[in-house]
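Step one of this worksheet: look at the structure below.
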Amino acid sequence: SQGGEEPDEPSAEKPKRERKERCSLKTFLDRCRQAGETAISGYEPLRKYVDGVGLPMDFVQLAWDVFKAEHSPEGANERRLQADWRKHFLNYVTKGYYRLWYADAANGTYSLTTQGVQAQRLHAHKEAA
């Protein structure tokens, strides 16, 4: 058999991985609210990554604001569906997809890029509105 699995091994009886239903970000956020869950702040893989690299939480929050705007109604990717929005956002953060910050190798700190400053001003303005 392919994959070298022995039919008698207990691992061969593993239940199939449950495929999560794909949904929009708005649906995911609505479900979080209904379940009394936070969308990302309690997501352990994100916390571990952020703590591990020393990324300021307010930069992560800024990335989340940009991500939500992009994937919400009226956003550029509003029609995108994902099975795991938390994991999808983690990929954006780990890959620095929005280029909102840069790391200063000399002292280990992070600073906002031009895109980051612009996003910060945009989202601060939206919060005040």
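Tabulated data
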{"read-out": "Hz values of 3J(HN,Hα) by residue in region 22-27 - Karplus curve (6.51, -1.76, 1.60), Gly and Pro given as x", "value": "7, 8, 6, 4, 4, 4"}
{"read-out": "Percent of Cα-Cα distances greater than 18 Å, calculated over region 21-95", "value": "37"}
{"read-out": "Solvent-accessible area per residue for region 60-129 (1.4 angstrom probe, square angstrom)", "value": "62"}
{"read-out": "Amide H contacts under 5 Å for residue 101, placed H, 5+ residues apart", "value": "113"}
{"read-out": "Of all accessible heavy-atom area on region 10-129, the percent that carbon and sulfur account for (1.4 Å)", "value": "49"}
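The values are calculated or read from the model by the stated rules, or taken from the named source; none is laboratory data. Predicted model only: the values in this text are computed from it and were never measured. These accessible areas exclude ligands, DNA and RNA; they are computed on the full protein's heavy atoms, side chains included. Shrake-Rupley method; radii C 1.70, N 1.55, O 1.52, S 1.80 Å.
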